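In what follows, a single structure is set out as structure tokens and then discussed.
The values are calculated or read from the model by the stated rules, or taken from the named source; none is laboratory data. Not measured: the values here are computed from a predicted model. Here the Cβ positions follow ideal geometry from the backbone for every residue, glycine too, while neighbour counts run over all protein chains shown.
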């Protein structure tokens, strides 16, 4: 398994919150389309740990 490191520089708390809010929209659509259990199944993927 390969490890990927991302260098994003200095990130502020507000920037991190904005990024989480942006990705939350996608999760909401994913759940609406595939259901909550699909998210639970996807969270078992090793690359999400």
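Among the criteria (1) touching a helix residue (DSSP H, G or I) at 6+ places or on another chain (Cβ under 8 Å); (2) modelled with pLDDT of 85 or more, the one residue 38 does not fulfil is (2).
Could you tell me which numbered condition residue 28 fails, if it satisfies all but one of (1) at pLDDT below 85; (2) loosely packed, with under 10 Cβ neighbours inside 10 Å? Only one criterion in (1) at pLDDT below 85; (2) loosely packed, with under 10 Cβ neighbours inside 10 Å is unmet by residue 28, namely (2).
With the requirement that a residue be part of a loop (DSSP other than H, G, I, E, B) and modelled with pLDDT of 90 or more, what does the stretch 1-25 give you?
Result: 12, single match.
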